[in-house]
Each structure stands twice: as structure tokens, then as C-alpha cells.
Amino acid sequence: MSKKQQVDQRWEWVGRHNLDLEASRGRLLRGSTYKDASTVCIIPTRGVITAKVVQSWLGLASPMNQKFMRIFVEKMEVGDAYNAGVEMVLNNPELSKWKYILTLEEDNCPPPDGLLKLYEHMDKFDAVGGLYWTKGENGQPMIYGNPREMPQNFIPQIPLPDTIQPANGLGMGFTLFKTEMFRKIPKPWFRTVQEMVPGQGMRQGTQDLMFFSEAAKYGYRFACDTRVRVGHWDAENQIMW
């Protein structure tokens, strides 16, 4: 009997997953399938979401036997919408106990296994996002600042393929946060800033990077999972960036 036949015969008796139990255990632990993965998804929207985007969302897998729900916040400035959504979660007797908040924007199309992959690194980071780009031919990756080089800089990083890439800030198009962060960081969590600060000059920032800048002061850590490739749908030009 050849070695391959012997292996095939062992599979027949004990099963493929039992044959290498250590590898099978590692897969389950990485996927966090046996941990609390309860997640509230907050979606700010202007009120109309295109069919292509909805089709992507309908295919998004969440962990089996885990709590998952979506909250839509309509017709508010994006920072205010996220603040309202998080406030709603924290003030709800049930949702406030859920472990994660997922932010998803109305023109982002995550892959079916995207959320399952984000959970894999939440033991090492406090927020992990999928990789997506700003729209247009000169689009930039929404992964900002290398914490190994300089804290608090938000220069876009060049994505590394298929890895977990630490960052100082992320976009919020498909990003998973630990709910506990919002209990410790004072409100408002998200602010779009464009103001003149005496003695410092002009201060500008989008709601996402303003949040990550503040969260870093509390020791929180962030990363982009570049395995999770998220499309950014341009409905006007019918292009997925």
C-alpha cells in the first residue's frame, strides 16, 4: 500500500479534521468561532443604497450562532451619524453588552468572508478594517500612518499583500471596533474638523482620523487586514474602485 493510500485510509476512519487536530484547533481559534462575537453594524446613509451594494451585503457571512444586527442612521452628517449610532448602542440594555461595533458605509462592498477575517486579529488590536481605496484613478489606500515610524502621522501607507498591517488610522467603510473603546473615550467620538486654532494655525480632519487620533491617546491599537479587499462603488460612473 502506498503512503498516499495509507493517509487516505486514515482519513476514512478518523476524518480529515481529526487527522491533524492541532491545525484544526488553530483554525477555530483564529476564527474566534467559540468566543463572543456579538456585533452591531452601524450604517450611515443618505437614504438610498444601490442594488449592487445591497447584493454584496446580503452575501456577508457572520459567525454561526452569534448575534448580528444592522442599524441605519439616515440623513445626518457622517460624524454625527456615527455618534448617534454608537450612542444608540451604548444606551440600549441589550446592545450595550455586545462585544463589537462594525462600521459600514453605503458605497462599500466587502467580500463574503470579510467580517470573519476581521475577527481573527481582534485579540491583538482594538480596531481592524478591510482595505479599500478612495475613488478615482489616483485613489489612495485608506490605511494611514505607520506606528513603527512615527506616531500620530497619517501619511497613507502602501498596502502589503495578504497580511495584518498596523496603522495609526483607518477609514470607516468596513471596520470592526471593540465596543469598550466608546465607553472610555469621551464624546463626541467622531468630529469633522475645519477650524483655526490660535497659535497653531488651521486644523482639519475627517471624522475617522479625528477618532483614531484621540483613541491612540488611550493606548488603543489599529490595523488593516489587507486580505479583506473591499470594493468602493462609484454609482455615478458605474465603477468599482
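The values are calculated or read from the model by the stated rules, or taken from the named source; none is laboratory data. Keep in mind that what you see is a predicted model, and the values were worked out from it rather than measured. Methodologically, a virtual Cβ is constructed for each residue, glycine included, from the backbone with ideal geometry; neighbour enumeration extends over all protein chains shown.
Observations on the model:
- Taking the conditions (1) touching a helix residue (DSSP H, G or I) at 6+ places or on another chain (Cβ under 7 Å); (2) farther than 16 Å from Phe177 by Cα; (3) surrounded by 16 or more Cβ atoms within 10 Å (Cβ to Cβ); (4) without any contact (Cβ under 8 Å) to a residue 60 or more places away in the chain in turn, Ala61 satisfies each one other than (3).
- The set of residues in the stretch 133-191 being closer than 19 Å to Val40 by Cα, of a type in the set (Lys, Arg) and without any contact (Cβ under 8 Å) to a residue 40 or more places away in the chain consists of Lys184 alone.
- Restricting the stretch 40-50 to residues that are of a type outside the set (Val, Ile, Thr) and modelled with pLDDT under 95, the residue that is surrounded by the most Cβ atoms within 10 Å (Cβ to Cβ): Arg46
- Flag for Arg203 being modelled with pLDDT under 95 and either on the phi > 0 side of the Ramachandran plot or in a loop (DSSP other than H, G, I, E, B) (or both): no
- Residue under evaluation Gly136, criteria (1) over 25 Å from Thr39 (Cβ atoms); (2) in a strand (DSSP E or B), criterion not met: (2)
- Residue satisfying all of: in the stretch 215-241; aromatic (Phe, Trp, Tyr) and either free of Cβ contacts under 8 Å to residues at least 40 places away in the same chain or assigned to a loop (DSSP other than H, G, I, E, B) (or both); surrounded by the most Cβ atoms within 10 Å (Cβ to Cβ) among these: Tyr220
- Total residues in the stretch 57-66 satisfying the condition of being within 14 Å of Val230 (Cα to Cα) and not in a loop (DSSP other than H, G, I, E, B): the figure is 1.
- Apart from one condition, Val54 fits all of (1) surrounded by fewer than 14 Cβ atoms within 10 Å (Cβ to Cβ); (2) modelled with pLDDT of 90 or more; (3) not in a helix (DSSP H, G or I); (4) not basic (Lys, Arg); the exception is (3).
- Test: Gly59 is at pLDDT below 95 and closer than 23 Å to Leu131 by Cα: no
- Out of Pro63, Pro156, sole residue that is touching a Phe, Trp or Tyr at 6+ places or on another chain (Cβ under 8 Å) and more than 18 Å from Ala37 (Cα to Cα): Pro156
- Count - residues of the stretch 87-110 that are part of a loop (DSSP other than H, G, I, E, B) and more than 12 Å from the chain's Cα centre (by Cα): 7
- Residues within the stretch 14-49 that are touching an Asp or Glu at 6+ places or on another chain (Cβ under 9 Å), over 17 Å from Arg70 (Cα atoms) and in a loop (DSSP other than H, G, I, E, B), tallied: 2
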